[in-house]
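> My questions all concern the structure below.
The values are calculated or read from the model by the stated rules, or taken from the named source; none is laboratory data. Keep in mind that this is a model prediction, so the values were computed, not measured. Ideal geometry is used to build each Cβ from the backbone, glycine not excepted, and the neighbour counts take in all protein chains shown.
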Ligand code: HEM
């Protein structure tokens, strides 16, 4: 039974298993259905487990602030154990040593603004530039390939196994929710299991061959820490899926939605071209900060499509304003509910308005519970990389190309484990050079870094 101070319970219509059936059927959408309740935080009970769902902006801020007891780390360990299938001695390193804390610091350091990030970013964008050519193509598939290959080369160096593992990486993310359950994966998530095995094997061979000498600081620093904890190349191979899918699976849908919404709206396309006209080629990404409409479009797409749940584990009884949160419960913060509430965003909350964020400063957006990159101690370390690689590519695309076939389409069922919503299908498009840009060969400078890698054509 619940303590009277715990958030009010929301019951399912079918006793005992109703919530499980709801989650299986509607996935993340089930939290949207339940959030019709007026309680700012509420409890779901599934047998002996509790899930607290946070649906009001004020409580989101309070939750993220209490990071010492409302923590993310147990999910990382569960991910390594259940989804990646790490053996018990490796899991023990996560549970009983400072390894995870050291990795956290390294990850946030290597991806914070500075020379290490600039080197990764300039490589990502200059690999993406190879895809800025006229073509008849399926837009989502093109972006999926381009960003996966670019991540591989920027993170792991030119001689990396990622080009042969594109489907494996995306298959894994597709069934991440099922992989986290920790049993029967080979039956319910066959493709994801196979993907994880192949990626582990290929990266073990990569580390065995010493190819990480060409990797970026994130990968090299991580490997140094792992070795200091006696984790070998087999363990490094097992971990690698995490680093392969996190950087791309939110960025690719974001760029897809940005391009389709922009090209489906001739006025917005014109206004953006006007705003971006001062950007040169090579495109200096520092100048993107002076493109308010482009940034607002990015933020609005995140608001409408970045609908993953932030999750936290209650590691000790915690008071959240008046509510008591009990140790052992899981907290879910459904972005889709927060990002589309008309009580927060106004009557047009459900529609796209590229100019919405022009009048909202950072403080005002946070007050609305707008957390596309999460928050607190686990605020996404890749947010700077994501900003530059998404906006840099979109800016060059908008300036240099016309696109036929772009239209606004619906999204697939939003599975548990997904961040950004994915399109329900691919879009066949025709990409042509714009008049005045017939000979443009796009390249990028990032934070003073020019790309020095040899040229390659797609
Ligand atoms: C549009 C792009 C992206 C979005 C919307 C996004 C969103 C998020 C969110 C919501 C979280 C969870 C934060 C929390 O629970 O408080 C997260 C965590 C994380 N993201 Fe991103 N992300 C993006 C791109 C990237 C990129 C490019 C990287 C590059 C490495 C990355 C690496 C990570 C990592 C490693 C974590 C785990 C952080 C931790 O455990 O402290 N993400 N991201």
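> Looking at 346, 322, which one is away from the ligand (no atom under 16 Å from the Cβ), more than 19 Å from residue 29 (Cβ to Cβ) and either surrounded by 20 or more Cβ atoms within 10 Å (Cβ to Cβ) or in contact (Cβ under 8 Å) with a residue 60 or more places away in the chain (or both)?
One residue alone meets the criteria, 322.
> Now, a different point. Output the number of residues of the range 362-405 satisfying the condition of being surrounded by fewer than 17 Cβ atoms within 10 Å (Cβ to Cβ), within 13 Å of the ligand (Cβ to nearest atom) and not in a helix (DSSP H, G or I).
1
Condition check ((1) within 16 Å of the ligand (Cβ to nearest atom); (2) at pLDDT 95 or above; (3) crowded, with 18+ Cβ neighbours inside 10 Å; (4) under 23 Å from residue 161 (Cα atoms)) across all residues:
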{"residue": "98", "(1), (2), (3), (4)": "yes, yes, no, no"}
{"residue": "102", "(1), (2), (3), (4)": "yes, yes, no, no"}
{"residue": "128", "(1), (2), (3), (4)": "yes, yes, yes, yes"}
{"residue": "135", "(1), (2), (3), (4)": "no, yes, no, no"}
{"residue": "141", "(1), (2), (3), (4)": "no, yes, no, yes"}
{"residue": "144", "(1), (2), (3), (4)": "yes, yes, yes, yes"}
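> Right, here's the next one. How many of the residues making up the range 266-307 are surrounded by fewer than 22 Cβ atoms within 10 Å (Cβ to Cβ) and not in a helix (DSSP H, G or I)?
8
> Now, a different point. Go through (1) surrounded by fewer than 21 Cβ atoms within 10 Å (Cβ to Cβ); (2) part of a strand (DSSP E or B); (3) within 16 Å of the ligand (Cβ to nearest atom) one by one and return the number of the condition residue 310 breaks.
With (1) surrounded by fewer than 21 Cβ atoms within 10 Å (Cβ to Cβ); (2) part of a strand (DSSP E or B); (3) within 16 Å of the ligand (Cβ to nearest atom) applied to residue 310, the lone miss is (1).
> Do you know which residues across the range 233-264 are out of contact with any helix residue (DSSP H, G or I) (no Cβ under 8 Å at 6 or more places or on another chain) and buried (at least 17 other Cβ atoms within 10 Å of the Cβ)?
Selection gives 246 alone.
> Is it fair to say residue 408 is within 16 Å of the ligand (Cβ to nearest atom) and out of contact with any strand residue (DSSP E or B) (no Cβ under 7 Å at 6 or more places or on another chain)?
Judged against the criteria, residue 408 is not a match.
> A follow-up question, please. Just give me the residues in the range 152-185 being part of a loop (DSSP other than H, G, I, E, B) and at pLDDT below 95, in sequence order.
Within the range 152-185, 158, 159, 175, 182, 183, 184 qualify.
> Would you check if there is a residue in the range 116-125 being within 16 Å of the ligand (Cβ to nearest atom), within 30 Å of residue 320 (Cβ to Cβ) and in contact with a helix residue (DSSP H, G or I) (Cβ under 9 Å, 6 or more places away or on another chain)?
Checked the range 116-125: no residue is within 16 Å of the ligand (Cβ to nearest atom), within 30 Å of residue 320 (Cβ to Cβ) and in contact with a helix residue (DSSP H, G or I) (Cβ under 9 Å, 6 or more places away or on another chain).
> I've got another one for you. If a residue must be over 28 Å from residue 451 (Cβ atoms) and exposed (fewer than 13 other Cβ atoms within 10 Å of the Cβ), how many such residues does the range 207-232 contain?
Qualifying residue count, the range 207-232: 2.
> Something else: Does residue 198 meet the test of being in contact with a helix residue (DSSP H, G or I) (Cβ under 6 Å, 6 or more places away or on another chain), at pLDDT below 95 and not in a loop (DSSP other than H, G, I, E, B)?
no
> Further question on the same structure: Of the residues in the range 415-431, how many are surrounded by fewer than 15 Cβ atoms within 10 Å (Cβ to Cβ) and either assigned to a strand (DSSP E or B) or touching a helix residue (DSSP H, G or I) at 6+ places or on another chain (Cβ under 6 Å) (or both)?
Residues that pass the stated criteria total 2.
> Continuing with the same structure: Looking only at the range 30-50, count every residue that is surrounded by 18 or more Cβ atoms within 10 Å (Cβ to Cβ) and either free of Cβ contacts under 8 Å to residues at least 12 places away in the same chain or under 23 Å from the mean Cα position of the chain (by Cα) (or both) and tell me the total.
2
> Just the residues that are touching a residue at least 40 places away in the same chain (Cβ under 8 Å) and in contact with a helix residue (DSSP H, G or I) (Cβ under 6 Å, 6 or more places away or on another chain), please, taken from the range 81-102.
81, 82, 83, 84, 86, 90, 93, 99, 102
> What number of residues within the range 432-444 are closer than 24 Å to residue 122 by Cβ and either assigned to a loop (DSSP other than H, G, I, E, B) or at pLDDT below 95 (or both)?
Residues meeting the conditions: 6.
> For the range 1-25, enumerate the residues that are closer than 19 Å to residue 418 by Cβ and buried (at least 16 other Cβ atoms within 10 Å of the Cβ).
Scanning the range 1-25 gives 22, 23.
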